Structure formats: C-alpha cells, structure tokens
1. Ranking HIS137, HIS175 by Cβ neighbours within 10 Å, fewest first, what do you get?
2. For segment 3-83, what is the Kirkwood estimate of the hydrodynamic radius, computed as the reciprocal of the mean inverse distance between distinct Cα atoms, to one decimal in Å?
3. Using θ = phi - 60° and the Karplus form 6.51 cos²θ - 1.76 cosθ + 1.60, what ³J(HN,Hα) does each residue of segment 56-65 get, whole Hz, x for Gly and Pro?
4. Between ARG136 and VAL42, what is the spin-label point distance in nm, taking each point 7 Å from the Cα along the Cα→C-beta axis?
5. Kindly flag which residue pairs out of LYS10/LYS75; LYS61/LYS171; LYS13/LYS75; LYS37/LYS61; LYS61/LYS140; LYS13/LYS129 have an alpha-carbon separation exceeding 30 Å in this structure.
6. If each residue of separation counts as 0.36 nm, what is the full-extension length gain between MET83 and ARG128 once their alpha-carbon separation is subtracted?
7. About its Cα centre, what dipole magnitude does segment 3-83 give when the only charges are +1 on Lys and Arg Cβ and -1 on Asp and Glu Cβ, stated in debye to the nearest 20?
Amino acid sequence: MNPLVEQALKDWKAGGPEGGQRAIESLASSAYSFAMKVCGNVEDAEDIAQETMMRLAPALKGFDDPRALGVWLYKVARTRCLMSRRTSKFAPAGTLSLGELMPDSDHTRIAAPWPDSPETIALKEELRKQLEGAVRHLPKPYRLVLLLRDMEQLDTRETARALGISAATVKMRLHRARLFVRNGLDSYFRSADATPKPKTNTGSKV
C-alpha cells in the first residue's frame, strides 16, 4: 500500500486542523501521482486530484482501514482518468494489440547486473526511462492493473475492486503487462549489448 495513504489516515485520526490538512495534502498527492502515471497529462492530473479530494473529503471520517481508503481513492481517480479527453505528450503514436503484449519467443534471457562503477547512476536512470516508456505503451486497462499491483501495491482482490473487474481478469492483464514490459526491457538490453564499445589503448609508446 502507498505509504502516503497510510500516513494520511493516521494524521486524520490524530485530529486537529494540522493533521487534517496533512492528510488532505498526502491524499491529493497520491491521487495526482497516480493520475499522472495513467493519463500523463498535467492538467488532467490536477483536475483528477481536485475532483477526487472533493469526493473523498466528506467520506474520509468513515474509513478505519488504510487499504480500504486506498482502494476507494484509486477507484475514483481511475474513473476520472478514463473520462479524460486530453492527450498526453508522452502518449505512444499507436496502440498495441493483445498479440503485441506477448513477448518474443526468446524472452528468458537474464540481463547481466549493472556494473559497480561511476556509470551506475547514469545507467539506472536510463533503465528507469526505458521502464517508464514500456509502461506508457501499454493499453490503459493493462497499465492500470500494473500500476495498482506493482507500484501502488494493492493485492489482486483490491485491484479488482478498484477497477470493477474480476480477480481472474486482474491476473490475466497483470501477467500480459509484465511480459510486455519485460520484453521491452530485454530489447533494450539487447540493443545496449550490440552497441560497439570504445576501444581502450592499453599499449605504451616507446
């Protein structure tokens, strides 16, 4: 579960105007972050966060379980995201078919670990960008499942409740989404391995 949601409920239960304000800010931040991952549009994400909090604030006192609060929060934000009409500047040019969600036949390759060198930070940043790109190329229904299960850490039943689908559908979409993302990263590693490395002159001049 998103730690911001857990802390928000603790702040709210603690009482007082400061605790209430911290709770609202934390929940709004969670809704905005989730909306940005789904929609990729700042204006949409801001609208979604605001509308989510308008609906959540009056009902907040009725929640005792942070996981139930998280499910409700993501359910409202998801509904607003699916209704959005703006196009993200990060959106892929085309959509994927179900066939394209499946990996290549040779998808079991295990990438070598990152080297422990001064280049590590730059390499990890590049990998993060590749991962974000692979997630953005997922159709929205698959992206939503992947975000809720692997990033927001909801379990299968909670994800199904948030999205209004069956647990079996969650498992199927998550499996295909993970395979596609793994295949995308595998292609990146293959490309990186194929890039010619600069030659180092180890000889010495006489």
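All of the numbers you see were taken from the coordinates with simple rules; none came from a lab. Please read all numbers here as calculations on a predicted model, not as lab measurements. All Cβ positions, even for glycine, are placed from backbone atoms using ideal geometry, and neighbour counts span all protein chains on display.
1. Ordered by Cβ neighbours within 10 Å, fewest first: HIS175, HIS137.
2. About 12.4 Å for segment 3-83.
3. Here the 3J(HN,Hα) series is 7, 3, x, 9, 4, 5, x, 9, 10, 10 Hz.
4. 1.5 nm
5. Long pairs (Cα-Cα over 30 Å): LYS61/LYS171; LYS61/LYS140; LYS13/LYS129.
6. Gain on stretching MET83 to ARG128: 13.4 nm.
7. With Lys and Arg at +1 and Asp and Glu at -1, about 300 debye.
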